[in-house]
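Below is one structure, written out as structure tokens; the observations come after it.
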């Protein structure tokens, strides 16, 4: 398990990918307003400049990738993941925005 921080995403994660060469990764975030597991179905190219990560860092820029696409669809099988989680009795839903 890795901390939910931008530094991890930008600095440490690429190093770990190079070291271990994973076939796939599953990234789960933490959102205080959520009361269930959310399976994200797209990634938005934006930051919440008013919300801090686990280390207290807040972005000053509003996009993750300058001149990048507005969003990217997830390539994971969201429906399959949701059904597997639901079978365990854990409340789950899909989400189109990591901040919702």
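Taken residue by residue, segment 82-90 has no member that is surrounded by 13 or more Cβ atoms within 10 Å (Cβ to Cβ) and in a loop (DSSP other than H, G, I, E, B).
Counting only residues that are in contact with a helix residue (DSSP H, G or I) (Cβ under 7 Å, 6 or more places away or on another chain) and modelled with pLDDT of 85 or more, which one in segment 38-54 is surrounded by the fewest Cβ atoms within 10 Å (Cβ to Cβ)?
From segment 38-54, those in contact with a helix residue (DSSP H, G or I) (Cβ under 7 Å, 6 or more places away or on another chain) are 39, 41, 53; that's our starting set.
From what's left, modelled with pLDDT of 85 or more: 39, 41.
Working: 39: 19, 41: 16.
So, considering only residues that are in contact with a helix residue (DSSP H, G or I) (Cβ under 7 Å, 6 or more places away or on another chain) and modelled with pLDDT of 85 or more, the one surrounded by the fewest Cβ atoms within 10 Å (Cβ to Cβ) is 41.
Scanning segment 38-47 for residues being closer than 14 Å to residue 9 by Cβ and assigned to a loop (DSSP other than H, G, I, E, B) gives a total of 2. Among the residues of segment 64-81, those that are assigned to a helix (DSSP H, G or I) and more than 16 Å from the chain's Cα centre (by Cα) comprise 79, 80. Tallying residues that are modelled with pLDDT under 80 and loosely packed, with under 10 Cβ neighbours inside 10 Å within segment 1-24 yields 1. For segment 1-23, residues that are over 14 Å from the mean Cα position of the chain (by Cα) and in a loop (DSSP other than H, G, I, E, B) total 3.
For segment 68-79, the criterion of being under 18 Å from residue 3 (Cα atoms) and surrounded by 11 or more Cβ atoms within 10 Å (Cβ to Cβ) is met by none of the residues. One residue alone among 61, 35, 27, 93 is part of a strand (DSSP E or B) and either loosely packed, with under 12 Cβ neighbours inside 10 Å or out of contact with any helix residue (DSSP H, G or I) (no Cβ under 7 Å at 6 or more places or on another chain) (or both), and that residue is 93. Pairing each residue of segment 17-45 that is within 19 Å of residue 89 (Cβ to Cβ) with any residue that is exposed (fewer than 11 other Cβ atoms within 10 Å of the Cβ) and modelled with pLDDT of 85 or more, provided the two are 6+ apart or on different chains, yields C-beta distances under 7 Å for 37/90.
The values are calculated or read from the model by the stated rules, or taken from the named source; none is laboratory data. None of the values given here were measured: they were computed from a predicted structure. Because the Cβ atoms are built from the backbone with ideal geometry, glycine has one as well, and the counts that use them run over all protein chains shown.
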